[in-house]
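Inspection log for the structure reproduced underneath, given as structure tokens.
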Amino acid sequence: MARPKAVRAPTTASLPNNLRIPSTTSSLAKTLGKLSRPALIDLALTWLDDSNIESFPPYLQHEADNNPDDEDALPYPAAETVEEVRQAYEDLQERKGGKREVLERILDGDWRHGITLRQLAMADLRYIDDHPASLRWTALELSRIENRHKESSHSTEHWSSNIPRIQAATFVKALQQEIASLVKAHYHLSRSSTLPITFLRIFIVDSPYQTPRQNPEVFADSSRIIYVAFPDSCPYIYTSITASGKSSAPTSSSIATDPRSLQRLVRDAVPKALSRPQERYTVKATALAAKNLPTLLALRGPGRSGAANGSYSIFADAALEGSPLDPRPSATVSAEEYMRGGHKPVDDNKDNGDVEDPQALAVSRKRVSGISDPTMLSPTSKKRRLAVESRFGSACSSLTPAPLDRLDVRLLDLPDVDEDGGVDRLAGPVPPVSLSFSGADVIGGFRKLAELGVVDPERMPSWMTGEEAVSMAVVRGGKRIKKTT
């Protein structure tokens, strides 16, 4: 009697953490090789920690006894105990050497039986933690659907109502159920050691089955990875996808090999996974993308919002006492008085005998304005400097390190008028003009041009001075519109 054929059915289970990738996989060595030598050693010691040793056991002598032929062919003999392996990496940590030595010991020695998906995820997130500008991140705003068409009488209550309560295990399980019918994924949550952010790394293979028969190279394919970052106490999330990698087996029907489809799939699933009965969330674009996580935290983070930039940043950064909304004129100063450096705002809450050090005050003003003695400027330069200060505030200074590396603009205005004063309309629809500015600090570059007199700061739109805190803008009539037409 013939045996019935096995039936493989899709399941909602995620890829297991202990799924091993052969250590001989070339893309695996490339991924781990991105880390520095100290980071590799620290990562290996983390795997060997008492809390992780059961999940990431090294290759020991009792396993080598079962494979004597393999042991002779490898350069690193198997250790007898975990403590011996741990001591080897502590010795590497204390002396100088090359990164290749540590990498070979990991792949050809202590973890020669393979690297698990969780170990690979830890390596990727360690690299992001060490290099916060390694990926391009997009900021999305979480918004409750019930309040989407209603105006709240108290902005603080409306802001706080858009912060869902997240329990990590419950959220991952809900997200898994949303996308499990289409793809099989591996999830890894990790807390950043340098920023107030929790990372979620999602690796996807284009098969909803429990045991996908994939080439080992697939599991280290960066184009199948998407990252979601959750800043603390903030109604925003950041998403990023590494689209530079090439799928080892590309197919026209694969969702995971198309970065845009992958990102859209997870973006749509995240708010659904965060939602609960009577508490539904959606995500809205913020027109802000940057290759720097500290920039996103400064512009779309828990400390401030898009309304505290540009000319208002001087108050948000506490570079100047008082507020533009304060009805007491004694508590604020004009830009000209501020640049002269001879005025200190009066604070009724302080003792009149407590006078701030004039030298410290001058240093603070120098950091913001970038000039040592404003009285030495010519009238024209002084007027231009005042205009720059009033438009840019303390942005692009050492007080607010939030540089934008790119600004993409689409101009929807018609062409210039002709000699008769009429609009020279072209045959057919007028195509929009797209401009892209890139550099280490685009808004800082605009400020420098304004200080040099190349552009008029008084005529610069707010999206060029950083006041709107956006990296993508659609402009008509010099003003940014939120939706294209």
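The values are calculated or read from the model by the stated rules, or taken from the named source; none is laboratory data. Not measured: the values here are computed from a predicted model. Positions of Cβ are backbone-derived with ideal geometry, glycine not excepted, and every protein chain shown enters the neighbour counts. Heavy atoms of the whole protein, side chains included, go into the accessibility calculation; ligands, DNA and RNA do not. Shrake-Rupley method; radii C 1.70, N 1.55, O 1.52, S 1.80 Å.
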> Checking Glu63 against (1) of a type in the set (Asp, Glu); (2) modelled with pLDDT of 90 or more; (3) in a helix (DSSP H, G or I), which test does it fail?
Replying inline: (2)
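Select from segment 9-59 the residues that are of a type in the set (Gly, Ala, Ser) and open to solvent by 30 Å² or more (accessible area, probe 1.4 Å) and list them in ascending order.
Ala9, Ala13, Ser14, Ser26, Ala29, Ser36, Ser51, Ser55
For the structure I just gave you, tell me whether Asp413 is open to solvent by less than 60 Å² (accessible area, probe 1.4 Å) and either within 17 Å of Gly466 (Cβ to Cβ) or at pLDDT 60 or above (or both).
Criteria not met by Asp413.
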> For segment 281-299, what are the residues that are among the β-branched types (Val, Ile, Thr) and farther than 13 Å from Gly466 by Cα?
Replying inline: Thr282, Val283, Thr286
> So Asp124 fits all but one of (1) in a loop (DSSP other than H, G, I, E, B); (2) modelled with pLDDT of 85 or more; (3) within 25 Å of the chain's Cα centre (by Cα); what number is the exception?
Replying inline: (1)
>> Suppose we keep only residues that are charged (D, E, K, R) and assigned to a strand (DSSP E or B) within segment 127-152. Which one would you say is modelled with the lowest pLDDT?
In response: Arg144
> So which residues in segment 431-485 are under 27 Å from Gly301 (Cα atoms), open to solvent by 60 Å² or more (accessible area, probe 1.4 Å), aliphatic (A, V, I, L, M) and part of a loop (DSSP other than H, G, I, E, B)?
Replying inline: Ala440
> Which pairs have Cβ atoms under 8 Å, sit 6 or more apart or on different chains, and link a residue in segment 124-143 that is under 16 Å from Leu297 (Cβ atoms) to one that is in a helix (DSSP H, G or I) and of a type in the set (Lys, Arg)?
Replying inline: Leu140/Arg267
